[in-house]
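Down below is the structure, laid out as structure tokens.
The values are calculated or read from the model by the stated rules, or taken from the named source; none is laboratory data. This structure is a prediction, so every number in the text was calculated from the model and none was measured. Ligands, DNA and RNA are stripped out before the accessible areas are found, and what is left, the full protein with its side chains, is counted by its heavy atoms. Shrake-Rupley method; radii C 1.70, N 1.55, O 1.52, S 1.80 Å.
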Amino acid sequence: MTKSMMDAQLKYFKQPGKVQEIAKLNRAYFEALVEEGFTEDQALKIITAESLLPKAGSTGK
């Protein structure tokens, strides 16, 4: 089941423009965190640890 989920994610990310959409979303998340008072270092740590999108292989606990 995990392999099929990962295959589906890869297929989704290979669609034209999807990676750019994700990059824009992550950038907006980062900028919003900074606007709310987090330092850039804190914001970077948050977006790398707590992505808005599920990571590949995530079980969605």
Given the Cα-Cα distance of Lys24 and Glu36 and 0.36 nm per residue of separation, how much length would full extension add, in nm?
2.5 nm
Once all protein chains are kept in place, Leu10 shows an accessible area at probe 1.4 Å, nearest 10 Å², of 100 Å²
